[in-house]
Amino acid sequence: HSSTSHSSKQYMWLRKELESANRDVTPWLIVMMHAPMYNTFSHHTSDKKYADIISDNIETLLVKHSVNLVFSGHVHAYMRTKQLYAGNVTRGAPRHFIVGTGGAPVSSKIVQNGYIFEQPEEWIEHRQYGFHGYGRLHILNQTHANWELRRNSISPAETRHFVDDEVTI
């Protein structure tokens, strides 16, 4: 993991990119990172220290520049949050997505252990594990986008991809 301290190259690059965004030309700001800032899955609770460091260092920057969506992977599962800032549902803050359902075996540890809490945290809109899939984001206009999570076909003979989660933002 690379440093995200305020003096790091990564932080300075991100700040410069966000500051230079012309929202008339680029109405949607989307940030992608490897490991998530928020996580509901019990298998990755040891990542909380790293997630807290990222949150402490860059989350205010994301909110200040009205980043719309934050996508991450790392966790081999799927999660979509409400708009979050500092662990609280906050209007105008980014929505966070974990889309770690493609490209690697489904983690048996997640399947065995599931979620940190049986009932979803109040900031969760959707969470799911135990399958391979991918996401599709369609920017509809300057204010609306459609997101869908699609599950890969269940068997080689089947070619359909099931929509497991869909939301218009």
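The values are calculated or read from the model by the stated rules, or taken from the named source; none is laboratory data. A quick note: this is a predicted structure, and the numbers were derived from the prediction, not measured. No Cβ is skipped: glycine too gets one built from the backbone with ideal geometry, and neighbour counts run over all protein chains shown. Accessible surface areas use protein heavy atoms only, side chains included; no ligands, DNA or RNA. Shrake-Rupley method; radii C 1.70, N 1.55, O 1.52, S 1.80 Å.
Listed values, structure above:
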| item | result |
| --- | --- |
| Local net charge near Glu125, Cβ-Cβ under 9 Å (Lys/Arg +1, Asp/Glu -1) | +3 |
| Heavy-atom accessible area order for Ile30, Ile58, Ile169, largest first, 1.4 Å probe | Ile30, Ile169, Ile58 |
| Rounded to whole Hz, the Karplus (6.51, -1.76, 1.60) HN-Hα couplings of region 124-139, x for glycine and proline | 8, 9, 7, 8, 6, 8, x, 7, 9, x, 8, x, 10, 10, 10, 7 |
